[in-house]
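The values are calculated or read from the model by the stated rules, or taken from the named source; none is laboratory data. These numbers come from a predicted model, not from an experiment. Methodologically, a virtual Cβ is constructed for each residue, glycine included, from the backbone with ideal geometry; neighbour enumeration extends over all protein chains shown. Ligands, DNA and RNA are stripped out before the accessible areas are found, and what is left, the full protein with its side chains, is counted by its heavy atoms. Shrake-Rupley method; radii C 1.70, N 1.55, O 1.52, S 1.80 Å.
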Amino acid sequence: MTAALRILPGTAAGPILATPEPLSFWGGVDPATARVMDVHHPLHGATIAGSILMMPTTRGSCTGSGVLLDLALTGRAPAALVFEEAEDVVTLGAMIAAELYGCRVPVLRLAPDAFTALARAEAAEIGPDAIRAGGFTLPIAEVDPAALALSDDDRAMLDGRDGPAVALAMRVIAAMARLQGAEGLTDVTRGHIDGCIYASPANLTFAETLAGMGARVRLPTTMNAISVDRARWQEQGVPPDFGGPAARLADAYVRMGCRPTFTCAPYLLDAPPVEGEAIAWAESNAVVYANSVLGARTAKHPDFLDLFIAMTGRAPLSGVYLDEGRRARRVIDVELPEGADDAFWPLVGYLAGLASPDRIPLLRGLAGGRPRPDDLKAFCAAFGSTSAAPMLHIEGVTPEAAGAGEADRTAITAVDLARGWQALAAGPEEVDLVAVGSPHASLTECRALAAALAAALDGGPRAPEVAVIVTAGRDTIAAAEAEGTLARLAAAGVQVLPDLCWCSIRAPLLPERTRAILTNSGKYAHYGPGLSGRPVRLGSLADCAAAARTGRAPRGLPQWLTSRSPT
């Protein structure tokens, strides 16, 4: 049996908690309790604290590194993490926990035969040189570090020329590069920070630690959505014990030189990245969109590494920064239903992620649907929720979809679509909250919602018990105000919120009387039940507008799926 590889050092003992399905730590694990809150995951309800946690890899959000750091700092972390495949996000969180705060969470990687054998055991002990479980012993080997070529400037930063914060940043970048097998580092032109969302107190602890060390970004660096409306959270009644730390977190990144864009859709800002441009973005939906639709190049950088790269301008030259790392390794043939509406795109993105959880796919059969940018935004966000892959290709649509490498094949049929719809549209038909803007709504999406509401309300009055909330970036809101779209939405009773997004909305902005939510976002339909504690249903934008009048989600399958149903 192949020896285990030690990714991060440490010893541990505990019960085995194993799953064959990847898990996103953000949106999947409650950092306050260490309980798995992803209602779609096989481990839902289990507590990971103190366990030897085994899974193939993680998936979904870049913010998982912050959740792992918080678990480590509060004593709720797994005793050890054991993966079957390469994993960066929570590994980076464990690295920061050890590097900055002296809290060790060992990380190991096992070959498939060893992973399967260990997963059958009830408990294990991880020692300095072996894993012992049940009747077998598995030796531990050290990862053979890649010979990392550093430039003279890299070495000067590493040696402290630019201060202790930059030296720390370069130390962590170099360590991650070696784990990824990179032969060197690459220059990047811009950054996007995901760690500014207040997912847990650890995000604030880290940011204020780095700001206190004098950290500054050296690249043009945008910021993700934050957890409060920065200017109005106090008048909105957000409790100070949440709003205060969330605002401090945003302010810490601004002090470090980041631009307060506060949007999870940085590709909607002026001058988005261009094809072939090497950038360093975190935020899973933005990474997938930038690579897939724009043809830019960025790994799915974990929170904290995003800041370190922005501080140095250097990233590991591996993965999708390289031509070979961008090739499709799975072909997915999709059955395109006739007459499919905008809800098709988040649905098929969600299913594509499940069908290709660990590799870049090439999807065939979708070009006839003529997806618009908003469709691709929804597709990429849903895909990024269920897959660890940083990009995808759509034949006839995305710029690098000319062909696949050595790829296996699978399919998404109409029956699969119907089953997926039933999974994402479960819950009561009566809804009292409509959620739009995950990721942040675009200007065209705001216009489409205003038009859909006008058509829906032409058939009857607005249901007063149904709240309609849109989250969008400041630039989009300003443009919507200038052209009158914001006034049309307000006249229809829509609340438009800047800065934060559905990933972090909580009471009182999420009305406490809410019992069920309808959304046009596959990402929020996936994460929302765990984050909000309410059932969340997927629907089209027209469904959302109709629910504002009727208070009801559509019953059953959409018309474009009614010709096929699960058997």
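So the values come out like this:
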{"quantity": "DSSP-defined antiparallel bridges as percent of all bridges, region 162-321, nearest 5", "calculated": "30"}
{"quantity": "FRET E, pair THR562, GLU481, Förster distance 41 Å, beta-carbon r, rounded to 0.05", "calculated": "0.55"}
{"quantity": "Built amide H within the under 5 Å cut-off of VAL331, gap 5+", "calculated": "LEU362, ASP408, ARG409, THR410"}
{"quantity": "Cα-only radius of gyration and Dmax that characterise region 208-285, units Å", "calculated": "14.3, 45"}
{"quantity": "For the chain, the Rg and Dmax computed from alpha carbons only, in angstrom", "calculated": "22.8, 71"}
{"quantity": "Distance (nanometres) between label positions extended 7 Å along Cα→Cβ at ALA367 and ALA86", "calculated": "3.0"}
{"quantity": "Calculated SAXS-style log₁₀ I(q)/I(0) at q = 0.15, 0.16 Å⁻¹ - region 510-567, Debye, Cα scatterers", "calculated": "-0.49, -0.55"}
{"quantity": "Per residue accessible area of region 14-170, 1.4 Å probe, in Å²", "calculated": "36"}
{"quantity": "Per-residue HN-Hα couplings for region 506-516 [Karplus 6.51, -1.76, 1.60; θ = phi - 60°; Hz; x = Gly/Pro]", "calculated": "9, 4, x, 5, 8, x, 5, 6, 4, 10, 8"}
{"quantity": "Relative packing of 490-503, 102-115, 48-61, 292-305, which averages over residues the other C-beta atoms within 10 Å, highest first", "calculated": "292-305, 48-61, 490-503, 102-115"}
{"quantity": "Cα point-scatterer Debye curve for region 131-207, base-10 log of I(q)/I(0) at q = 0.25 Å⁻¹", "calculated": "-1.17"}
{"quantity": "Within the chain, percent of DSSP bridges classed antiparallel, to nearest 5", "calculated": "30"}
{"quantity": "VAL468 long-range amide H proximity, modeled H, under 5 Å", "calculated": "VAL434, GLN495"}
{"quantity": "For region 225-232, Karplus couplings with θ = phi - 60° (6.51, -1.76, 1.60), whole Hz, Gly/Pro x", "calculated": "3, 9, 9, 9, 6, 4, 8, 10"}
{"quantity": "Mean Kyte hydropathy of -0.5 or more with a Cα span along the axis of at least 27 Å, helices from DSSP in the chain", "calculated": "none"}
{"quantity": "Electrostatic dipole magnitude of region 223-319 [Cβ: Lys, Arg +1; Asp, Glu -1; Cα centre; debye, to 20]", "calculated": "180"}
{"quantity": "Mean-position separation - Cα centroids, region 78-122 and region 168-226, in angstrom", "calculated": "21"}
{"quantity": "The chain, helix-only ellipticity at 222 nm - DSSP H runs n ≥ 4, -39,500 (n - 2.57), divided by all residues, nearest 500", "calculated": "-10000 deg cm²/dmol"}
{"quantity": "Whole-percent carbon and sulfur share, accessible surface of the chain, 1.4 Å", "calculated": "51"}
{"quantity": "Cβ crowding within 10 Å averaged over residues, with 473-482, 355-364 ranked highest first", "calculated": "355-364, 473-482"}
{"quantity": "Region 215-326, accessible area per residue, ligands and nucleic acids excluded (1.4 Å, Å²)", "calculated": "31"}
{"quantity": "In sequence order, calculated HN-Hα J values of region 465-473 (Karplus, 6.51, -1.76, 1.60; Hz; x Gly/Pro)", "calculated": "7, 9, 8, 10, 10, 10, 10, 7, x"}
{"quantity": "Kirkwood Rh, angstrom, region 234-389 [1 / mean 1/r, Cα pairs]", "calculated": "17.3"}
{"quantity": "Over region 68-189, volume per residue of the alpha carbon convex hull, in Å³", "calculated": "132"}
{"quantity": "Å² per residue, accessible surface of region 508-559 at 1.4 Å", "calculated": "35"}
